[in-house]
Each structure stands twice: as structure tokens, then as C-alpha cells.
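In what follows, a structure is listed as C-alpha cells, so that the remarks can point back to it.
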Amino acid sequence: MAIAATTGVKATKPVAAPPAPRNQTSFGRLSRRPETGALAGTVLVFVIFTILGGSNFISIGGVASWLNVAAELAIIALPVGLLMIAGELDLSVGSVVAASSMTMAIVSGTYGAPMIVGIIAALAVGAAAGFINGLIVSRTNVPSFVVTLGMNFGLAGITLGLSRLITGTTNVPLDPGPFFKGLFGSLIGGQFEVAIFWALGVALVIAWLLQMTPFGNWVFAIGGDKESARATGIPVTRVKISLFMMSALGAALVGIIQTCLYNGAQTSTGQSFVFNSIIAAVIGGVLLTGGYGSVPGVILGTLTFAIVSQGIYTTSLSSDWASFILGALLLAAVLMNNTFRKLALSSGVRAPKIKKA
Amino acid sequence: MTEPLLKLDHVGKSYAGTDALADISLQVEAGKVLCLLGDNGAGKSTLIKILSGYHTPTTGTVEIEGKPVVFNSPRDASANGIATVHQYGGTFPLMTVGRSFFVGVEPTKGWGPFKRFDKATANEISVRELKGLGITRINDGNRLVGGMSGGERQSLAIARAVYFGAKLLILDEPTAALGVKEASHVLRIIMQARRKGIAVVFVTHNVLHAMTVGDNFAVLIHGRLADSFAKGERTREQITDLMAGGEAMAELEAEIAQYELEA
């Protein structure tokens, strides 16, 4: 497309005599940001659990317990959130965690290859799973919900079958050695997982991609309207495949972290991430329909999730109630997201004409 | 006479044996507005899809500036300077004005891995181009597109097409969803594009809007070119009758007369 700068455009007299822009209050501006609702949610649960849990909740051990959960979740939920902004879901992250974790343990544990080889193999498993997800979704137009659900079951089966075939067990030990233990699986001060730093790194990369690069603009556009995005010349297939690979690589990284942390791998790990990552993204203000969301929002969503699911143990409440609270929060978040989106779209003087809600 | 910018020669399109469009010959010159009129289902959308690269015609040829072209994708069409703006602007309601304006052609600054989307420039240019089309209410490129009115969104899409050097602008029912004032603003923008030497294909079923800005007119009925004429050669009544199919209107008038008698 040729880019021709147009100069000297004479302004026509505005016929519709537009009313002067309403002075936007800082509240109005704030209410249009995707993470505002998420911040309210995080503050709310933090206050509630500080009151209920007291010193147990805000002690170093208490903080570490939910920060560790949030960190591992964020490494997956951030790229999953990015994918959701582009209008797709990834339900295969659970099996990718298990598959990459088992791959690493078998390659470096059972076969005794150097740790780095096991790590590369684990990442390769993640990249391959994501690539296949993205390719099938782009080529067939089958909803990603079904494609990645199929991948989650299929990959779980392969992981279980191959593990039993190769090792005769579903539980493979691995001694990561001091360097890799320190890099992926150590506890800082005996309490805080090093995964917290990995999560921060992932957050910085995803935030940069989404907010600062043309790629991020393509993600928003594809989630907003795939056909219009394609018409503007965006390589939609390539973008989608890279997004699916990112979420699977996030899952593989968590697989590596858990293998180093627990000195081994199990075929049954990881499945909780499938829904938890989506819950965190939605509580974090990502629209299920795509086109809207932010990195700070998803981080707040993972914090909210972790505070509720871990904070419950610091209170006198039975932990049975954590799921109930999360379910209610999820529902509230979806309703709030819709309200915030309406607010965001009503910055004008007139009611906007939106094709579909 | 100069070569027309766009020329269709006996273009037809059939789906599974039925003709959606048959034997269409048309041309548009630079700096002229061709109004494509027709009732729903007359074949207007099929024709637009052929021009914007979504469909390839089954028969006939399309020429751009005298050279025959085949569009295999919307990308081919835009590479030939054809930009299509749909009724709802084809824009992204949840994106900011600046982001939406530059989708797919984002300006960047910086170097290597630090090369980044230059949002300040994007916002500045998009607001400036909108101002150029008389949209003065949008003074911040960070505003969401969804917060704009229908006419403003149309203007944004047209501004975008013009800025990126479109030679032929296809406007698909740009005024259909708009109020009277907003529609007249969009018509004004069409005249502005025309003055810049852009060829415009204005698809509408509003005869009044068409007659306000059109230089040439083509009426489609059941996938065929029922009539084509230049400005001033037909009256409004003649065009309306033709579009609706004269009989249908006559019947309606008779029915109304009957009701009035009964009342």
C-alpha cells in the first residue's frame, strides 16, 4: 500500500456543529481502562483476607504462599490473556505443563542427558504443541475452544502412554543440580519461589509486545474484527500461530520450573492451569469476546486468584469456600467487564452504533 | 479522453450455476463519483466484493488504468489503490483512534529490538486527518473508536483510505445508518475526496444522496445493469421507479389510494 502524505487539506466547515468535548474527569478516564475493575477486585479480596486472616495472611509466609501461586499462574495466564485479546482460547496449557515437565525429567533424568538438553526438549515440546494448535485453528476455522481441548486430552494421553512405555512409571525423579535448581526451582529466603522473577520477566515481555509494538496492535485488531484485520493486510495466520506458541511456551516454562522445584515430574500435574489461567485473565479485565485487555489487568487477576485460593487457609473458614468465592468473582468480573466496556464506548456525546455487543 | 481509472467489461459472477451478476460493463474516472444504485439483493454486494478482491469474477475483465487486473485477495485490491469502506466503517470499536487508523501499517521509531510502535505520531496524524475532513470533536487519538458516532467512524475510515493513497474509494452504504446531518457530512467528505482526484464508487439505495454527489449512475436489478446514465439525464422519480421496479410502486400507490377511499 502506497503511503502518500496528504498535505494542505482544507478543513471543511463542520456541518454537524459538534458539541464541545465534555471535560473528562480523571474518574471517567480511569473507568475506561481495562484494569480498573481488576484493581478493585484485588484490593477488595486483599482487604477481606487481611481482616479475616490477620497476621497469618500478611506474614512473610502468608504473602509468599499466594505470591508463589500467582507467579506460576501469571507465567501461563499472561500469554493466555494475550491470546484471548486476539479472540482465541487455549485449553491445552495443562497438558503442555505435564508433557514438557515429563520430557525434561525423562531426557535429563532417565537418559541422563545434560540439563540444558532436557530444558530445550521441554521448550520444544511446548513450541510444537502451540504451533499445531495455531495451525489447526487458522487452517480449519474450527473454534480454538475445541481444537485446544482436543490437544489437552490428546497430549495428556501421549504423555501418560510414552512415560509408562519408556520409564514404566508416571513419576520420574530428576536432580537438577545446583545451577538449574537455583535458576528455576529455588526458594529465596526459604519462602519465595524464584518463579516470581520469571513471572516479572514474562510480564515485561508481554507488556512490551502488546503496548509498544505493531504486533500488539495486530493482536487488538484481530480480536476486534478478524475480517477487517485481514483486509488491512495483517498476517493473521502468522500472528495466531505465534500467540498459541507463546501460551504453550509459558506452560512449558512452568513445567521446567516445577520439575526443578520438586526434583522430578509427574504425568498428572498442570491441569489446574487450564481454567485458572482463563479465570485470572477474565478477572483481570480481558474480554472473552476478544479485542480488549491489558497486562497489568491480567497480573491483578492472577493476584486476586492467588489471594483467594491461598488466603483462605489463613482464615478460620474452610478451604472449601475458596472455589465458591472464585466462581462468584468470575461471574462478577464478566458482568463488570461488560459494564466497563460500555463505559469505554460511551465517551462520546451520542450513543455509539455498535454492530454487535 | 483519458483512460478511466476503473473499467469493468462484461463482468459476471455465478455461484453454483446461478448468476448473481451478469454482463456488467461500467467505468469510473479519476475525480468522478459513480453511484451504484439498486434494491437489496440486486447484486451490489457481489460487485463490491469483486472490486475489493474478495471474489474473482467468473466472466469478463476488470481494468485499472487500462491494464487488466485479477484480484485474488483483498490485499491485491488495496495494492492497486482500491479501498473499501463498509457501512459500519470496518473499524475496531475497542481500539483507540490512533491505533485503529494505522492497523497493519504502524509507524515505528527506535532501532533493532527497541523498535516500537510510535503511538504519539499515530495519534497526531489520525487526529489531523480527521480534522481535515471536518471532524473537530475528536481531539485525542487515545479516544476509543466505539465512542465515535456513526458519521465520525465513516469519516475515520475514509480519512484512513485517503491518507494511504487510495485511488479508488468504494463506499458501501455509508449513509444508510446515519441521521440527516451526519449523512450530509459524509456526502461533503465524498465531494472532498472527489476534488482530490480520487474516483469514488458510492453504493446506496438512497436516490436523493446519490443525486447530490453523483456524476454517473448505474442501476442494478437482479444482477443486471438496468440503466446507466450521467448526471441530469434522469429525474428522481424515474430513478426511484426503476429501482423499485415501476410496477411495484404503481401497485403500492393503487393500494394506498384504495385505503384512502375506505377511510
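Read-outs: derived from the displayed coordinates by stated rules, not from any lab. On a predicted model such as this, the values are computed, not experimentally measured, just so you know. Ideal geometry is used to build each Cβ from the backbone, glycine not excepted, and the neighbour counts take in all protein chains shown.
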GluC sites (Glu not before Pro) within the range B:1-100, DSSP loop, no more than 16 other Cβ atoms inside 10 Å: B:Glu65
Members of B:Lys7/B:Lys231; A:Lys226/B:Lys32; B:Lys131/B:Lys181; B:Lys7/B:Lys67; B:Lys32/B:Lys181 lying beyond 21 Å, as alpha-carbon distances in this model show: A:Lys226/B:Lys32; B:Lys32/B:Lys181
Sorted by Cβ neighbour density within 10 Å, fewest at the top, the residues A:Trp208, A:Trp66, B:Trp111: B:Trp111, A:Trp208, A:Trp66
Charge tally in the Cβ shell below 13 Å around B:Thr212, where Lys, Arg are +1 and Asp, Glu are -1, B:Thr212 excluded: +3
Built amide H within the under 5 Å cut-off of B:Gly60, gap 5+: B:Gly12
Cα gyration tensor shape for chain A, rounded if a/c is under 1.5, else prolate or oblate: oblate
Table column - 3J(HN,Hα) (Hz), the range A:165-172, Karplus curve with 6.51, -1.76, 1.60, x for Gly and Pro: 5, 7, 10, x, 9, 10, 9, 10
Order of A:Val219, A:Val117, B:Val127 under a 10 Å beta carbon neighbour criterion, fewest first: A:Val117, B:Val127, A:Val219
Choice from A:Ala328, A:Ala77, A:Ala156 with maximal GNM fluctuation in chain A (Cα, 10 Å cutoff): A:Ala328
For A:Asp320, A:Asp90, order by how many other beta-carbon atoms lie within 10 Å, fewest first: A:Asp320, A:Asp90
Degrees separating the helix B:180-195 axis from the principal Cα axis of chain B, which is the longest one: 70
Cα long-axis angle, helix A:236-262 against chain A (0 to 90 degrees, to the nearest 10): 30
Net charge of Cβ neighbours under 10 Å - reference B:Ile48; Lys, Arg +1; Asp, Glu -1: 0
Nearest-20 debye value, the range A:35-337 charge dipole, Cβ charges on Lys, Arg, Asp, Glu: 440
Dipole magnitude of the protein assembly as shown about its Cα centre (Cβ charges: Lys, Arg +1; Asp, Glu -1), debye to nearest 20: 1780
Global geometry of the range A:213-338, whether rounded, prolate or oblate, following the gyration tensor of its Cα atoms and the 1.5 cut on a/c: oblate
J(HN,Hα) series, the range A:319-330, from Karplus relation 6.51 cos²θ - 1.76 cosθ + 1.60, nearest Hz, glycine and proline x: 5, 4, 7, 4, 4, 4, 4, 5, x, 5, 4, 4
Averaged over B:96-104, number of beta-carbon atoms from partner chains that fall within 10 Å: 5
Whether the protein assembly as shown is rounded, prolate or oblate, judged on the alpha carbon gyration tensor where a/c under 1.5 counts as rounded: prolate
Label point distance in nm, B:Asp23-A:Ala328, each placed 7 Å from Cα along Cα→Cβ: 7.2
R0 of 45 Å, Cβ-Cβ distance A:Leu187-B:Tyr15: FRET efficiency to nearest 0.05: 0.10
Relative contact order of the range B:174-223, defined on C-alpha pairs under 8 angstrom at six or more residues apart (%): 34
Calculated FRET value between B:Glu253 and B:His222, using beta carbons and R₀ = 30 Å, to 0.05: 0.85
Among B:Ala183, B:Ala218, B:Ala79, residue whose mean-square fluctuation peaks in a GNM of chain B (springs only between Cα atoms under 10 Å): B:Ala79
Spatial separation of Cα centroids for the range B:139-169 and the range A:293-321, in angstrom: 42
Dipole of the range B:1-79 [Lys/Arg +1, Asp/Glu -1 at C-beta], most positive-end residue of B:Gly60, B:Thr46, B:Leu8: B:Thr46
Label-point separation, B:Asn40 to A:Phe197 (7 Å along Cα→Cβ), nm: 6.4
